[in-house]
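One structure is given here, and the rest of the page talks about it.
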Amino acid sequence: MITLRHLVFREMLYRRGRLLLGILSVLVAVGSFVGAFTLLQLHETRTQTILQRKEQELRRTLEALNDQIRRTMLSLGFNVVILPKDQNLADFHAEDFAAKDMPEEYVTRLARSKLITIRHLLPSLQQKIDWPEIGRRIILIGTRGEAPLLHEDPKQSMSQPVPPGGIVLGYELHRDRGLKLGDQVSLLGRQFTVQRLHDERGNKDDITAWIELSVAQDLLNKKGRINAILALECFCEGPALPQVRREIAGILPETQVIERSSEALTRSEARAQVEADGKTRIEQERQARIRLQRERERFAAILVPLVMAACAVWIGLLTFLDTRERRLEIAILRALGLGTLQVLFIFLAKALVIGLIGGLLGVAAGVLAGAQIGTALEGGSVAMADLLRSVAAVLGFSLLMAPVLSIAASWIPALLAAQQHPADILREA
Amino acid sequence: MLKIQHLSKVFAGPTGKVEALQDVSLTVRAAEFVAIQGVSGCGKTTLLLAAGGLLKPTSGQITVQGEDFYALSPERRAQFRARRIGFVFQQFHLMPFLNASDNIRLANLAVADHLTDERVPELIKQFGLAHRQEHLPEALSTGERQRIALARALLNKPALLLADEPTGNLDEQNGAAVLQALKDYAASGGAVLLVTHDIRVGQYAHRRLRLERGRLAD
């Protein structure tokens, strides 16, 4: 027995050209949508991949830097300052000198210890004083300017020593008086010969005077006392500063150790800088790709509806031509007892089939086209898993949207055809 | 069987009203073959379409088997037409995408009766189409196409068979075969109303009527 479904399929097979044109229209509409979607999704996936790769690269770089720093910590020395145990560190950092003091003998004890290796030891006695002869407050530093270890393991001295009777002056202390090398100055009633004059440094050195340690101890009435030991390039076997601290504490129990700038610290700061720069670059890349994604989305938001509207018009036109050509068939079907709804069904069922086939092909074509364009725009290759994800994301919607588009576009011409009066057509025939 | 009383049909034409049928009254009884002749444009096809429930008259009444089918809803009228009325046209109006046997089966589309479908082979044999039943209309001769159209019209054993110039495109032999088939159908109890130019119809029809300018004449 013949059915409406039978009638629809036989007619479609008979007029294959028009069927293919209809399918092509839906294919283009769905393909443009799926293609745009795939392209955007691949762009997003690609963005994730690029950002992940960059993050991995940054992580590797940071790990390499960490490794370098760890090795640096093991092989390079620290610069540490050894202070009396009861020295308030807040005061030390605020004033940059220690108010408390400790025996000068500590320097010798530390130098002779076998537990750690220290290249240079610079004991100092520092104090803020009023320089009555010039009427201003200065920092007076007494320093040997030499390391006791140099006798056992001669190396270049870290600083030039100040000889007894000599004085080194900071910028502000010599500028106003126009002092020159070799000039005589009086400090706390004692005569000194100017040994060196520092250029402007913009720090406390500009108001500092350096004299020989024992002279300073005399002037400050602190014989055999110092208040800081600067230990430069400390080496130890263990992991870095904590071990240095422990070892010094073992040798000089009445002291505390704080770290001064060191190569390890510099590298650590460099690592932090690399990390910050890397994160900034990754964020910039992310923002740039988000902007590109937004631009493509805006473009797709205009293009896809336009293409779909054009295809809908084309499908409507095809259906209209179909109904015009099949007027007599419609009239005969009506004469044979078919109602308006059944005639409407014939055209809309065809639109449904066209929508489903066109939708399926459109998904395939759109995904492949999106992948091709995506590859051309983004470079590299597209993973099958990404394509399958795209298909899965749009398949259901496309298979729903395509028939709806096709039926909606065919609705008006099909309705007009179904409502045609068969007698009018048969009288004209 | 078919009873037409005071039927008038007026169309709105570009130059005013056109009275296609004027006060036409006609009865075709069961087992009667009535032929209506007239020149082109005299209203023959309009009368046939109105009698088949496809063209609502401006005034008058048409009943088939006592049923005033213009009083029915469009859906019920369509069903009534599918079951009780058969059409044969001059241009055959076969579906070009269906083969011969499916074109005959098409009459059962709105009825969906399995028993009716079983009559198809019988009709194919009756009209000598057994060797052509799988062919599409485009592969058939005009005579074969008209026989298919006739078989389609007879599939549901309609009470009333309406034929509009069914021999107009046929040669003498095929035309005679169609007229004979109509006569045979009337002989089997069906009512046949034929509108035609064919002068041979006198040999087959029980009654001949003339339609002139929308009015029936003796």
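Read-outs: derived from the displayed coordinates by stated rules, not from any lab. Owing to the predicted nature of the structure, the values given are computational and were not obtained by experimental measurement. Cβ atoms come from the backbone with ideal geometry, glycine included; neighbour counts cover every protein chain shown.
Computed values, structure above
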quantity	calculated
Average beta-carbon neighbours from other chains, 10 Å sphere, peptide B:48-55	4
Ordering of A:328-341, A:284-297 by packing [mean C-beta count within 10 Å, highest first]	A:328-341, A:284-297
Dipole axis of the protein assembly as shown (+1 Lys, Arg; -1 Asp, Glu on Cβ), positive-most option in B:ALA130, A:ILE138, A:ASN88	B:ALA130
Rounded if a/c under 1.5, otherwise prolate or oblate - the range B:2-217, Cα gyration tensor axes	prolate
Residues of type lysines that A:LYS54 reaches as a straight line, Cα spacing below 20 Å, ignoring anything fewer than 8 places off in the same chain	A:LYS279
Number of partner chain Cβ atoms within 10 Å, mean per residue of A:325-336	6
The range B:81-113-the range A:374-409 distance, computed between alpha-carbon centres (Å)	44
Peptide-level mean, for B:92-99, of C-beta atoms on other protein chains within 10 Å	6
Ordering of B:41-53, A:11-23 by packing [mean C-beta count within 10 Å, highest first]	B:41-53, A:11-23
Positive dipole terminus of chain A, leading residue within A:ALA309, A:ILE251, A:LEU415 (C-beta point charges)	A:LEU415
Ordering of B:190-196, B:82-88 by packing [mean C-beta count within 10 Å, highest first]	B:190-196, B:82-88
Of A:LYS128/A:LYS222; A:LYS180/A:LYS223; A:LYS128/A:LYS180; B:LYS9/B:LYS183; A:LYS100/A:LYS222; A:LYS85/A:LYS204, pairs whose Cα-Cα distance is over 19 Å	A:LYS180/A:LYS223; A:LYS128/A:LYS180; B:LYS9/B:LYS183; A:LYS85/A:LYS204
Cα→Cβ-extended label distance, 7 Å offset, between A:LEU181 and A:ALA301, nm	7.4
Amide N of the range A:195-214 lying under 20 Å from the label point, which is placed 7 angstrom from the Cα of A:GLU254 along Cα→Cβ	A:214
Scaled radius of gyration (Cα, divided by 2.2 N^0.38 Å) that the protein assembly as shown gives	2.14
Calculated FRET value between A:GLU275 and A:LEU89, using beta carbons and R₀ = 30 Å, to 0.05	0.60
Sites A:GLN419 and B:THR63 - FRET efficiency at Förster radius 30 Å, r taken between beta-carbons, to 0.05	0.65
Size of charge dipole - the range B:2-217 - debye, nearest 20, with Cβ of Lys, Arg +1 and Asp, Glu -1, no other charges	580
Of A:GLY370, A:ALA231, A:ALA270, farthest towards positive along the dipole that unit charges on Lys, Arg, Asp, Glu beta carbons give the protein assembly as shown	A:GLY370
Counting DSSP beta bridges with both ends in the protein assembly as shown, the antiparallel % (nearest 5)	65
Overall form of the range B:93-143 per C-alpha gyration tensor (a/c, 1.5; a/b vs b/c)	oblate
